[in-house]
Amino acid sequence: IVIPKGVREIGRNAFAGCASPNIIIPESVNEIGDYAFRGCCSLESIVIPKGVTKITDSAFRNCTSLKEIIIPESVKAIGGYAFAGCTSLESIVIPKGVTMIGNSAFEKCTSIKEITIPESVTEIGDYAFDGCTSLREITIHEGVTKIGKKAFNKCTSLTTVTLPAGVRNMEHAF
């Protein structure tokens, strides 16, 4: 699927359940609505355009074939359940511009092996990485002051956690 140049917004549920393995989003897009690509089970990779500032709630939820996503530095927030249930997602680079990772954003992403949280992130939401059973290594840089409840719950392969000294609120994160 190729979204035409000039399109500025992908609406809520626009491609939910789509069966295409590849969707090309033009640089003109600056907003992706909630649930826009939810349940696109054949979608394997996606590049978010540079004008997008937030990956909205459940935008790519349950895209079970999604292996790769490129998030530009323009993104400031990753919404709740944004990638929850993306069971084929092996790695994700969270760019330095992101300040918040929402509740359950990567919940049950069972193939992610490692994650680095950049210094720009100040808050990791509740259950953000819950059930990431292949996650072995987490590096959280200075800047994070809150790690939500059970953010890393059921991360059964976790062997290395690097936390900054400045984390003040970490209510049952592990």
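Things worth noting here:
- Answer residue from the stretch 12-34, given it is hydrophobic (A, V, I, L, M, F, W, C) and either at pLDDT 95 or above or in a loop (DSSP other than H, G, I, E, B) (or both) and is surrounded by the fewest Cβ atoms within 10 Å (Cβ to Cβ) among those: A19
- Looking only at residues of the stretch 35-53 that are outside any loop (DSSP other than H, G, I, E, B) and of a type in the set (A, V, I, L, M), we find that the one that is nearest to V75 (Cα to Cα) is V47.
- Unique match (being open to solvent by less than 10 Å² (accessible area, probe 1.4 Å), under 24 Å from K5 (Cα atoms) and under 12 Å from the mean Cα position of the chain (by Cα)) among F83, F60, F106, F129: F60
The values are calculated or read from the model by the stated rules, or taken from the named source; none is laboratory data. Everything numeric in this text was worked out from a predicted model, so none of it was measured. FYI the Cβ positions are ideal-geometry reconstructions off the backbone, even for glycines, and counts take in every protein chain you see. Calculation scope for accessible area: heavy atoms of the full protein, side chains included, ligands and nucleic acids excluded. Shrake-Rupley method; radii C 1.70, N 1.55, O 1.52, S 1.80 Å.
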